[in-house]
Amino acid sequence: MKQLNKIRICLTLNTLLVIFIGFYITNFATNSTYFRIGPNDDFIFISVSIDTNEKYISLLTLIFFNDLIRVIVQELGDPVLGFNVYNPDKTEIREFSKSQLYFYSNAMYFVSNIRDIFNVLINVTQIDIALFSVLVEQIVTSVTIYMLLNEKKFLKNNELLPNNDEIQIGHD
């Protein structure tokens, strides 16, 4: 199967799953404090009461910088470490010493895992906070993908969807 078709199938499956989860939640959630927007008297985020607009805006600012840095690290730093450590075909490393690569890989993954605890709390606190986080991540991801793609040379035309005769399902 062509790589483009694999991506299309995965995108379709992912989209259907999100729609199913959204349908499930909206049909079965009752009296949930998750589906609210803005500050509330009982909105607690990591032991901080978010009951004023000032606290709410400061939380959004914190989430903005968290997501901005997280995406930059994931899009620019993690691939460098991952491709150098986990690529079985890359047996000669020139950019790092063994101890540097060992230190930076472990340090990056350790800090990222601690930050992931905060990200879980963002996603389970209140829907507007989770959606804001997704929006920020998507904007920053779009910018970094655009920058990374500009560094590459493409030999195929720029069509988003090819003609039907170019799609060959079931062939490599």
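Summary of values
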{"item": "Net charge of Cβ neighbours under 11 Å - reference THR33; Lys, Arg +1; Asp, Glu -1", "result": "-1"}
{"item": "Dipole of the chain [Lys/Arg +1, Asp/Glu -1 at C-beta], most positive-end residue of ILE37, VAL124, ILE145", "result": "ILE145"}
{"item": "Residue among LEU60, LEU13, LEU101 with the largest mean-square fluctuation in a Gaussian network model of the chain, springs linking Cα atoms under 10 Å", "result": "LEU13"}
{"item": "For PHE45, residues with placed amide H under 5 Å, excluding near neighbours", "result": "ILE50"}
{"item": "GNM result for the chain, Cα springs below 10 Å: residue of THR30, THR15, THR144 fluctuating most strongly", "result": "THR15"}
{"item": "The chain: angle of helix 127-150 to the longest principal axis, Cα-based, in degrees nearest 10", "result": "20"}
{"item": "Efficiency of FRET from Cβ geometry, TYR34 and LYS2, R₀ 45 Å, rounded to 0.05", "result": "0.65"}
{"item": "Mean projection area, nm², convex hull over Cα of the chain", "result": "14.8"}
{"item": "Cβ charges +1 (Lys, Arg) and -1 (Asp, Glu), total dipole of the chain, debye", "result": "400"}
{"item": "In sequence order, calculated HN-Hα J values of the stretch 63-71 (Karplus, 6.51, -1.76, 1.60; Hz; x Gly/Pro)", "result": "5, 4, 5, 4, 6, 4, 5, 4, 5"}
{"item": "Unit charges at the beta carbon, dipole of the stretch 44-123: most positive-side option, MET108, ILE50, LEU76", "result": "MET108"}
{"item": "Residues whose placed amide H lies under 5 Å from that of LYS2, excluding near-sequence neighbours", "result": "GLY170, HIS171"}
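A short reminder: the numbers here are calculations on the coordinates, not readings from a lab. Remember, predicted model here, so these are calculated numbers, not experimental data. Backbone-built Cβ (ideal geometry, glycine too); neighbour counts: all protein chains shown.
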